[in-house]
Each structure stands twice: as structure tokens, then as C-alpha cells.
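Structure, as C-alpha cells:
The values are calculated or read from the model by the stated rules, or taken from the named source; none is laboratory data. Being a predicted model, the structure only gives us computed values, none of them experimental. Because the Cβ atoms are built from the backbone with ideal geometry, glycine has one as well, and the counts that use them run over all protein chains shown. These area figures cover heavy atoms from the full protein model, side chains too; ligands, DNA and RNA do not enter into them. Shrake-Rupley method; radii C 1.70, N 1.55, O 1.52, S 1.80 Å.
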Amino acid sequence: MSGPGITNGAEARHRMRIADRQRVAEDVVTLDLAPVDGVVLPDWEPGAHVDLEIAPGTERQYSLVTTTPDGHWRVAVLREAAGRGGSVAVHDTLRTGDEVLVGGPRNHFGFDPDRPAVFVAGGIGITPIRAMIAAAEHAGTPWELHYAGRSRDRMAFADELLAAHPDRVVLAAADQAPRLNVVGLLAEPRDAVVYCCGPRSLMDAVETAAAHWPTGSVRVERFEPAADVDAPGESFEVELTLTGTTVTVPADRSLLEVAEDAGAFVLSSCREGTCGTCETPVLEGAVDHRDTVLSPAEQADDRTMMVCVSRAAAGCARLVLEL
């Protein structure tokens, strides 16, 4: 993910019930999550995601689609047979009436209603974009959607979006039409923000195609670990100012693991640099950022880091963290 660094309700955990479950496309279901015991859910902004505990020790991040008229949070989940097992468990085990633990919401994929929007979605990446379109309509923000998928029957919300906005929605289903031409779409810079969510290949292509656009014109959301997340590292020292101790992080352990062993209170979820839960202020030092949460500009600032995967940069022997 990248964009404005926003954290909303990061410490919250909600016991919720699956109030409704619907199949909205081939291998895609929506879950409506209702608070248990009448708890009032916090507000959220388009682009926000939640942590869904599917089973003890199995937690995944899913973008919020909408808040229903009943006040329930809705998420959409694609069954990914080749994934890590979380989405398969959602499809195969979670049913209406089941209770789950939900964390968040958090948002590092912020939507700016004051600038025209070019939405680029691939497959289940339509989920946060769907919420942004609703916000754009409400704010009167000019927008357009370019939505790609492997087949039309797997493209959630495609029919409703095309029917409601035929002049703003372009579908590129691989089984019906030519592939989305990202290079052509982004050839000429515009006074707009490009929001992209989908497979890594699509987001990489969008960032490359729009590299000549003004800085900050492209925002992407990634739920996959960075390619270098497991790259070899060196040992380094970390001062934990709130805990009042200094620790050494060896080459074969994460900063998060060592900090927890030292008694630091660290909120964490994905442990692979994709959710943003463990974002920690950096007071001193240079960071080797291995997350997919912070934008390149935010990483360059070295003001915060995801302690589950990021480390001290090469040549930096010591970090000072507000932890």
C-alpha cells in the first residue's frame, strides 16, 4: 500500500458476527460483519482495510467495500486456491451466524476527493476502489474506472458499476476483450490521482507507466509481501525508548521478535509488512524498508518503519525507536 499514512482504530479488536454471506462473482463472496452486543463500530474512510481472524493464528487483511444500511461492515473475499489458505478457509468454513474477531480499520490507501481520480482495478482489487467510487460520487469528484479481470464472471461488482456509470467504466475481461492497455492509458500525465489495486504485476505496470507523472500521482495498495522481505540482513542495535532498554537484533531474527522478547508492547498482525499494524516511529537511524505499506516518499523520510520486516539500513549500526 502507499499513500497518506493514516491509522484509524489500529488497536481495536471487535467481536463480530457474519450477518450475511453472498456470492457476488465466481469464487468471490461478500461477508457482512455485524458487531456483537451492540458495539458501535468506528467510522472509516475509503481505502481502509480490516484484519479478519479466520481461525486462531490465521489472520488476513480485507478491504472494506461499504457500511450497509444496517451498520454492518462488508468485505469481499476471492478464493485463491494457490494462496496461503486464508481465503480458502473463508469460503469453506465461515458461514452466516459464525463469530469472528476483526481488527482495525486502518488506511494507508487514502482517497483525495478534491482531485480527479483514475481508478485501475484488477480482479478482487476492485474492493477498495468500489468504496472510493461511492465517495467520489458523493463528493462530485470526476472519476473513471478501468477494471481488468481474467474472466467477466470473476469480476465482482462489474455489472452494477457498468449499469450505473456506463460512460465512466471500462471493463477489460480477458475472455471477452483485449487486455487493459496501461501504457496507453497513462501515456499523458493529467491533473489526477491514479489509484490502483490488484495483482502485483498490474500495480508494477501502473507505477512504471506513470513514472513520468508528478510525484504523488500514483497510489497503490499491496497485500503481498515485498520481493526482498527475506533478503539476508546484518545484526544491529536498537534503543527502545518507551521500554527503556537496548537490544541487539541478530541477522536471522526480526526486530519485532526481539522487541517482544524484551517486553516491548508491539501491535502486530500480518508479520510480513503488508498490513501496517506494527508501524513504529523512528527517532534516529536509517532504515532498510521491506514493507509494502509506506510510499517511496514515506520510506525515504525514515520517520516510521514496519518492525516486522524492516531492519537497519546497510552501514547503520543503531536505530532509536519510540517503542
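Listed values, structure above:
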quantity	calculated
Top-ranked residue of region 106-151 - restricted to ones that are charged (D, E, K, R) and touching a residue at least 60 places away in the same chain (Cβ under 8 Å), ranked as surrounded by the fewest Cβ atoms within 10 Å (Cβ to Cβ)	Arg115
Exclusive hit being within 22 Å of Gly110 (Cβ to Cβ), of a type in the set (Val, Ile, Thr) and open to solvent by less than 10 Å² (accessible area, probe 1.4 Å), set Thr304, Thr292, Thr274	Thr274
Members of region 35-59 found to be within 21 Å of Arg79 (Cβ to Cβ), without any contact (Cβ under 8 Å) to a residue 60 or more places away in the chain and either touching a Lys or Arg at 6+ places or on another chain (Cβ under 7 Å) or surrounded by 12 or more Cβ atoms within 10 Å (Cβ to Cβ) (or both), listed by number	Val50, Leu52, Glu53, Ile54, Ala55, Thr58
Subset of region 185-207 (residues that are in a loop (DSSP other than H, G, I, E, B) and either open to solvent by 10 Å² or more (accessible area, probe 1.4 Å) or not aliphatic (A, V, I, L, M) (or both))	Ala187, Glu188, Pro189, Arg190, Asp191, Gly198, Pro199
Some residue of region 131-150 being of a type in the set (S, T, N, Q), in a loop (DSSP other than H, G, I, E, B) and modelled with pLDDT of 95 or more	yes
Top-ranked residue of region 227-256 - restricted to ones that are closer than 30 Å to Gly47 by Cβ and open to solvent by 60 Å² or more (accessible area, probe 1.4 Å), ranked as modelled with the lowest pLDDT	Ala227
Which numbered condition Ala76 misses (of (1) of a type in the set (A, V, I, L, M); (2) open to solvent by 10 Å² or more (accessible area, probe 1.4 Å); (3) over 28 Å from Arg190 (Cβ atoms); (4) modelled with pLDDT of 95 or more)	(2)
Odd one out for Val102 among (1) over 23 Å from Ala205 (Cβ atoms); (2) modelled with pLDDT of 95 or more; (3) in contact with a Leu (Cβ under 8 Å, 6 or more places away or on another chain)	(2)
